[in-house]
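Below is one structure, written out as C-alpha cells; comments come after it.
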Amino acid sequence: MSGQILAVDRLSMRFGGIVAVNELSFEAERRKITALIGPNGAGKTTVFNCITGFYKPTSGAIHLTHEDGSAFALERLNDFRISKQAKVARTFQNIRLFPGMTALENLMVAQHNALMRASGLTFLGLIGASSWRQAEQRAIDLATVWLKRVGLIDRADDAAGNLPYGDQRRLEIARAMCTEPALLCLDEPAAGLNARESGALSELLLSIRSEHGTSILLIEHDMSVVMEISDHVVVMDYGVKIAEGTPQQVRDDPKVIAAYLGADEQEARAMMETGS
Amino acid sequence: MDYFAQQLINGLVLGSIYGLIAIGYTMVYGIVGMINFAHGDIFMIGGFIAMISFLVLISFGLTAVPVILLVMLLVSMAITALYGWTVERIAYRPLRHSFRLAPMLSAIGMSFILSNFAQVAQGARVKPIPPIITGGHTLHEGATGFNVQLSNIQIVVVVTTMVLLALFTWLVSRTRLGRDMRACEQDQTMAALLGVDVDRTISFTFVIGAALAAVAGMMYLLYYGLVDFFMGFVAGIKAFTAAVLGGIGSLPGAMLGGLAIGLIETFWSAYFSVEYKDVAAFSILIVVLIFLPTGLLGRPEVEKV
Amino acid sequence: MLDTKPAFILKKASLSALVALVLFSLMIGLRTEAGPEGKLIYWTRFGDLATIVAIVFGGSIVIELLRQWIGPVGAAALVPAWLQKLMDFVGRWLGPALLGFAILVPVIFYDQRYILDLAILVLTYVMLGWGLNVVVGLAGLLDLGYVAFYAVGAYSYALLATTFGLSFWICLPLAGILAAFWGVLLGFPVLRLRGDYLAIVTLAFGEIIRLVLINWQDFTGGPNGISGIPRPSFFGIPLTADEDGFAARFGLEFSPTHRVVFLFYVILAMALLTNWVTIRLRRLPIGRAWEALREDEVACRALGINITATKLTAFATGAMFGGFAGAFFATRQGFISPESFTFQESALVLAIVVLGGMGSQLGVALAAVAMIGGFELFRGLDQYRMLVFGFAMVLLMIWRPRGLVGHRAPTVFLKQSRAISSDLVKEGHG
Ligand SMILES: Nc1ncnc2c1ncn2[C@@H]1O[C@H](COP(=O)(O)OP(=O)(O)O)[C@@H](O)[C@H]1O
Ligand SMILES: [Mg+2]
C-alpha cells in the first residue's frame, strides 16, 4: 500500500459573501487517479487554486506527502514553491501556454528550476561551460520525449499559440509533466476535445500514472473519461462534498444524479425508479 | 497651530486642482485602460486658452469680474474639450485594439506635440496676468502676529471644484451617457451588443476629462497668476500620481488622491524643504503602492485563474 | 463599398478645417507676450490661422484620397511579393552589414568630426535601447524611469573620478554595479505591482533621482552639474598631446580625432557586449523565464518560477547596462548635469525599444539609428524639432504598433528555427 499523497482537511474558501468551498475534506491516493466532479460553479477550480497556492484558503489544511515521507502544508507554502518543492503541477481550465514561444520552448521553461541550477545561476551558462551544455541537451531530450508522447513532435518548432485547441491541451499536460511532478492536477483536460481526442487523452493519463508513478487529480466534465480512468471519484456541489467512491458507486448515487439534474433527492430517486 | 491651519487651507486648494486633473486620468483609464499621457498638457492648454480669452475680454473693456470669469470658464472648457476630442481621434482611436504600449507611446508623442505646440504658438516665456480675484478673510488672528487667511480666490477654487464635481458625479451616475460610460468600462463588446455607441462614449469621456482639466488650468491661472508651456508635465505626473494613489478607475479616489498630494506637497514645503516637495509626493506614492498595491480606494484585483 | 464622391470628401475636409479653426483660433490666431512692464499684450495673426486651417483642409483631402486608394485592401497590397522576398533577404543580411559598416565608420568619416560625434550618440542610444529591451521587450515590465539608471551610472563615474581620481576602466564596472544595485533597491518593493502601477512608480523614481540630483548641491553640484570629468585613457595612456600621450608614444602626429575615434570604438564595444550578453541570456533559463513572464505570469508561477527574483534580475540587468552607458556618457561629455536625465530621455529610449519591435535586437538598433538620426536631421528646425518628434512618434505607432521587426526568433529549436509572428507574442502586464 502506497498511502495517500494528498489530504484536504476541512478546506473553506470565501470570496466576500460567496462560499465557494465549504469544509471540504477528501484524500487522494498515491499513483491513483482521483477525479473531482460536480456541476459548474461547484467550486472545483477553486479547490485546485487552493491546492496550487493561487488562493490562500480561508480555513482548512492541505497536506501533501511525498513517497520519501517528506510532508508539506500546502496552504502555507508560497505559490511558486508548491511547484518547485512540493512538486505539484497543474494545468488550467482556460489553457495558459506561452503563446508566443514554441512548443519546445514551453517545455524548456517548465524545466526552469533544474536548468537554473545547471547553469550555475546563469554564470556558468554565460561562459558556455560544458556542464551547462550537457544539462541543456538533457533538457531538450526530456522535452523531446514528452513531445513525442503527446504526439506533437512535428510541431516542436511552432508557436504554441498557433496550435489547434486539442494540441494545446496536450502540450499543457506535457509542460506540467516536464516539471517532474509528484502530483499532477488537471482542470478539465478533455473540455473541447472530440471523442477520438478524449480517448487518446484517457490513454495518455493512464500511461502517465502507470509509467511515471505520478498521482493525478482530475477535474472533468466528460463522464466517459471519468468513468474510464479514475480510481476514485469525489463529487462536489455548492462547495461541499456530496458523495465519493468508485466510479460505479458514484454513478448510482441518487444524490449525484440530483446534483447534476438540479432536482432534489426524492425527485431524482423517483425519476430513477420510474426510469429503470 | 495657526500655521498648520493655514497650510491645511493651502493644501486643500492645491489638492482641488490636482483632483480635477486626476479625474480625467482616472476616467480615461477606467474606460480604455490607458494612461493618457497628454492629459497634463491638455490642462496646460486649458490654462492658456483661459489666459488668452481673459486678455481679449479685458481689451474689449469688460470689467464685471463674474462675467469675465464665466466667459473665460466656458470658452476654455469648450475649446479644450475639443482638444481632448481631437487627441483621442488622431492618436488613440486608431490604436484602440492594438498592443498596450502603442497607445502609451502615441500618448507620450501627443504630450510632446501639445507642449511644443504651445511653445511655438505662444512663445517660451511665462505668461503672467494681473490678479482678477482679490481680497480675502482673516479667519483667526494669531497671538504671534500670524493670521490664518482664506483668500477669495481660494474660496473660488474650492467652490468651483465642488460644484463641478457634483455636476459631474450626477452626469456619470444619473444620465444615459453616464450609464453608457459605465457599461463600456465593464465590457466594451457587451456594451456594443446592447446598442451603446462605444466610439461616441469614449469620445465623450475624453471631452469631459478635457473640460475638467480646462477648469483646473483656469484655476491654476487664477491662483498662481501665470501659465507657461511646460506646466503640463509636472502637474500631469502629479495628477496621475494622485489618480494612482487614490486607486485608478475610482472617481472619489481621484479627488482623494489629489487632495492627498496637495496636502503632502504643501506640508512638506512648509515644515521641511520646498526643494524636496515633489520628492516627498513621489516617495509617498511609492510607499502607499507598496502597502496598498491598488491605491487607497482602488478595487483589489483578484486574479481569476 | 467605397464612397469616393467628392461631396463626401469635401464634407469631411470642411469638418476637419472647422475643428482646426476652433482649436487654433485663440492659440494661433492671437499671440501673447509680456510687454515692456511685464504686462501681457496680444496681437492678432489671422493670416497664420488661415494658412493652418487651409493646410488642414488640404491635408485631410489628401489623407482621405490616400485612404480610399489604399482602401480596404490594406497596406499589405502595397508590398508586392517580390519586394517582400527582397525585404526578407535584406533582413537576413542587414545585421551583419550594419555591424560591418559600424566598424568602418571611423575609417570612412575620419575627417568628419560631426558624423563621428553623431555616430557615438547613436551608439549610446543603441546601447540604452538594448539595455531597456531586456526589461520591456523581454520581461514585459514597463519601465518609464530608465533614465534614472543612466543618471546613476553617469554620476557614479563623475563623482568617483573627480573625488577619488579613479580611472574610467575601474569606474565603468562600478557604475554598472551601482546602477544594478539601485535597480534592485527600487525593484524589490515595487515589482509585485502590475502594469501601469509599475509604470508610474518607475516614472516617479526617475523624477526622484533627477530632483535629488538638482537639489543635493553639496554632493552632485546641483543644477550646475559636474564638470572636469576625466576623459578615458587608452588603457592607461592618456589621449593628449603630451610627451607620454597616445600620439607621441605611437609615433603619430597628435590629433583630437584620436580621442573621438577611441570613444567610438569604446561605445561600439560596450554596445556589442550588451548585445552579446542579451542574446546569450535569452538562451539561458533566466532569459527564457523573462520571456515566459511576459507571456503569462500565472503559468510561470504554476511551473515553480520565482516571479520576484526573475523580475528583479531583468530589472537589475537592464539597469546595469544603463549604468554602463551613463558612465560612458559622462566621460565622453566631460560634463554632466541633471538636464540630461529628464523624462524625455526615458520616453525616447522607450520609443526606440517599442518602435524597434519589442525584444528584437536588430529592430532596436535600427530604431535608434532612425530616431536619433531623424532627430538630428531636424536640428535646423530648432523649436519645431520636438513637435516633429512628437508627430513622428504618433504616426510611427499608428503605422507599426508592433515596431519595425514584427517577429520573434525562438531561442531553441529541434529541426528548424521558425520566426514567430508578433501577433502571438504577448507584451506582459508588469
Ligand atoms: N476569484 C474569485 N472571486 C470571486 N468569486 C470567485 C472567484 N473564483 C471563484 N469564484 C466563485 O466561486 C464559485 C466556484 O467557482 P469554480 O471553482 O470556478 O467552480 P467550478 O470550477 O466547479 O465550475 C463560483 O461561484 C465562482 O463565481
Ligand atoms: Mg472550473
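Observations
- Scanning chain C for GluC sites (Glu not before Pro) in DSSP loops with at most 11 neighbouring Cβ atoms within 10 Å leaves C:38-242 as the longest stretch between them.
- Between residue A:154 and residue A:210, full extension at 0.36 nm per residue minus the direct alpha carbon distance yields a gain of 17.6 nm.
- Eligible aspartates and glutamates near residue C:11 by straight Cα distance, threshold 19 Å, same-chain separation 8 or greater: C:3, C:64
- Applying 1/(1 + (r/R0)^6) with r as the Cβ-Cβ distance of residue A:18 and residue C:421 and R0 = 41 angstrom yields a FRET efficiency of 0.50.
- Whole-percent carbon and sulfur share, accessible surface of the protein assembly as shown, 1.4 Å: 63 percent
- Note on the protein assembly as shown: Kirkwood radius taken over Cα pairs, Stokes-Einstein applied at 4 °C and 1.567 mPa s, translational D equal to 41 µm² s⁻¹.
- Across peptide C:113-120, the mean count of Cβ atoms from other chains lying within 10 Å of each residue's own Cβ comes to 0.
- Summary of the geometry: the range C:158-232 and the range C:294-350, compared by the centres of their Cα atoms, lie 12 Å apart.
- Complex-versus-alone comparison for the range A:59-90, residues with a loss of 50 Å² or more in accessible area, probe 1.4 Å: A:80
- Sorted from longest to shortest, the spans of the Cα atoms of the range A:101-179 along the three principal axes equal 39, 19, 18 Å.
- With DNA, RNA and ligands ignored, accessible area of residue A:102 (1.4 Å probe; Å², nearest 10): 0 Å²
- Antiparallel content of DSSP bridges confined to the protein assembly as shown, in %, to 5: 70 percent
- Per the Cα gyration tensor, the range C:380-430 maps to an equivalent ellipsoid with semi-axes of 35, 12, 9 Å, ordered largest to smallest.
- Close amide H contacts of residue C:30 (hydrogens built in the peptide plane, cut-off under 5 Å, sequence separation of 5 or more or a different chain): C:45.
- When chain A is described by a simple charge dipole with +1 on each Lys and Arg Cβ and -1 on each Asp and Glu Cβ, the residue from A:135, A:4, A:69 located farthest towards its positive end is A:135.
- Point-to-point label distance, residue B:224-residue C:41, nm (Cα→Cβ direction, 7 Å offset): 2.7 nm
- Net +/- balance of residues flanking residue A:60 in space, Cβ distance below 9 Å, scoring K and R +1, D and E -1: -2
- The calculated FRET efficiency for the pair residue A:73 and residue C:33, based on their C-beta separation and a Förster distance of 60 Å, comes to about 0.25.
- Per residue, chain C exposes 44 Å² of solvent-accessible protein surface, assessed with a 1.4 angstrom probe and all protein chains in place.
- Peptides ranked, highest mean first, by Cβ atoms within 10 Å: ranges A:169-178, A:153-162: A:169-178, A:153-162
- Taking 23 Å as the straight-line reach from the Cα of residue A:241, the lysines in range (excluding those fewer than 8 positions away in the same chain) are A:32, A:44, A:56, A:255, B:304.
- Cut-off 20 Å, label 7 Å out along Cα→Cβ of residue B:125, residues of the range C:374-404 by amide N: C:383-384
- Cβ neighbours within 10 Å from other chains - mean over B:34-47: 1
- Accessible area buried by the pairing of C and B, both sides summed with a 1.4 Å probe, works out to roughly 6200 Å².
- Each eigenvalue of the Cα gyration tensor of the range B:86-230, multiplied by 5 and square-rooted, gives one semi-axis; in descending order these are 38, 24, 11 Å.
- Nitroxide proxy distance, nm - points 7 Å out along Cα→Cβ at residue C:98 and residue B:90: 3.0 nm
- Computed FRET value (nearest 0.05) for residue B:273 with residue C:185, which takes r as the C-beta separation and R₀ as 35 Å: 0.95
- Accessible area per residue (1.4 Å probe, heavy atoms of protein chains only) ranks B:255, A:223 as A:223, B:255, with the largest value leading.
- 1.4 Å probe, heavy atoms, protein only - residues of the range C:286-327 losing at least 40 Å² accessible area vs chain alone: C:286, C:288, C:295, C:296, C:298, C:299, C:301, C:302, C:303, C:304, C:305, C:306
- Taken per residue, the accessible surface of chain B reaches 39 Å², heavy atoms only and a 1.4 Å probe.
- Summed residue charge, Cβ within 15 Å of residue C:184's Cβ, Lys/Arg positive, Asp/Glu negative: +1
- Cα-based Rg / Dmax (Å) for the range C:6-74: 17.1, 61
- Shape summary of the range B:1-91, radius of gyration then Dmax from alpha carbon positions: 16.5, 51 Å.
- Chain-alone versus full-assembly comparison, the range C:24-39, residues with accessible loss of at least 40 Å² (1.4 Å probe): C:26, C:27, C:31, C:32, C:33
- The Cβ shell under 14 Å around residue C:161 holds other residues with a net charge of +2, Lys and Arg each +1, Asp and Glu each -1.
- Computed Kirkwood radius, in angstrom, where 1/r is averaged over Cα pairs of chain B: 19.9 Å
- Volume per residue for chain C equals 218 cubic angstrom (convex hull of Cα atoms).
- Whole-number D in µm²/s for chain A (Stokes-Einstein; Kirkwood sum over Cα pairs; 4 °C, 1.567 mPa s): 65 µm²/s
- Label-point separation in nm, residue C:11 to residue C:227, each point 7 Å along Cα→Cβ: 6.4 nm
The values are calculated or read from the model by the stated rules, or taken from the named source; none is laboratory data. A quick note: this is a predicted structure, and the numbers were derived from the prediction, not measured. For neighbour counting, all protein chains shown are included, and Cβ atoms are generated from backbone atoms with ideal geometry for every residue, glycine included. Only protein heavy atoms, including side chains, enter the accessible area calculation; ligands, DNA and RNA are left aside. Shrake-Rupley method; radii C 1.70, N 1.55, O 1.52, S 1.80 Å.
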